[in-house]
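Single-structure report; data block below.
Where a number appears in this text, it was derived from the coordinates with a stated rule and is not lab data. This structure is a prediction, so every number in the text was calculated from the model and none was measured. With ideal geometry, Cβ positions are generated from the backbone for all residues, glycine too; neighbour counts draw on all protein chains shown.
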Amino acid sequence: MPNDILDQARISLLPDLAAEESRKQRSTYVIESAGREALPLPLTGIILCGGRSTRMGRPKSFLPFEGKTIIEHLLDTFNHLFDEVFLVTNEPESLSHLSAQVVKDILPYRGPICGILSGLLVARNEQVFVVAGDMPLVDKKLVRAMAGQRHNSDVVVLSHSEKIEPLFGVYSKNCVKTLEDALFSGDLAVMDLLSGLKATTYEYPPELAANLQLPSYFNVNTPEDYSELLNKTTY
């Protein structure tokens, strides 16, 4: 894609600076212990809400769970953790009822690579923490621990006994060029992308696995997943 088109896309992603300044003024900085970073962390939280939800048949982010929607649970978690948060989506109007900064994907329906890139382009911070918009059980301590490993890698993603979770982790602005190249060449597989970056994995803590019926990276892709979420959690 020509550079001028990409530049126009970047400009279109600029956030509402007045809203961001107002949000910053309301932020409360908390230090829980001498060995931990102050909250909010100096990362940008990115929640990817751009999928078509074909297997679920309706928008997954809006499914009710424990008195809120899934996306509201994620927003509560990320607003507590980070000094800047964006929802990235193909359909910004569908999220207009939420008190959140919303960014439109620079290209429609190109998958999570496009969502991660869109978030990185507007982020004020050098690193972003990315999660999929269908993960209602994201654990704050896990996110903080992973964020603490960001200084020596461009990417830090969660791993567990079954696989790597590329949509649960840290991405730095050093990834932008690689993401752009992948997006505009049509190579949209996130796992393939990681092999070309300075990426590390963070192993899912065994104590979390032992204490929770469902893992923090559990995502709701199908009606069966949603039923499992409702039946097995007391979140």
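Do the alpha carbons of any pairs in K68/K163; K104/K198; K104/K163; K141/K232; K177/K232; K104/K232 sit beyond 31 Å of each other, and which pairs?
From K68/K163; K104/K198; K104/K163; K141/K232; K177/K232; K104/K232, over 31 Å: K177/K232; K104/K232.
Which value, in debye to the nearest 20, gives the size of the charge dipole of the stretch 50-122 about its Cα centre, when Lys and Arg are +1 and Asp and Glu are -1 at the Cβ?
Charge dipole of the stretch 50-122: 420 debye, to the nearest 20.
When the Cα centres of the stretch 80-149 and the stretch 163-212 are compared, how far apart do they sit, in Å?
Here the two parts' Cα centres lie 14 Å apart.
Among C49, C114, rank each residue by its count of other Cβ atoms within 10 Å, from fewest to most, as a rough exposure measure.
Ordered from fewest to most neighbouring Cβ atoms within 10 Å, C49, C114 come out as C114, C49.
Return the loop-located GluC sites (Glu not before Pro) in the stretch 122-218 (DSSP other than H, G, I, E, B) with at most 13 other Cβ atoms within 10 Å of their own Cβ; answer none if there are none.
Answer in residue order: E126, E162.
Residues with beta-carbon under 11 Å from that of Q213, excluding Q213: net charge, scoring Lys, Arg +1 and Asp, Glu -1?
Overall, the nearby charge balance is 0.
Would the stretch 108-186 count as rounded, prolate or oblate if I go by the C-alpha gyration tensor, calling it rounded below 1.5 in a/c and otherwise prolate when a/b exceeds b/c, oblate otherwise?
The shape class here is prolate.
Calculate the translational D of the stretch 139-235 in whole µm² s⁻¹ from Stokes-Einstein, where the hydrodynamic radius comes from the Kirkwood formula applied to all Cα pairs, the temperature is 10 °C and the viscosity 1.306 mPa s.
Stokes-Einstein gives a translational diffusion coefficient of 106 µm²/s.
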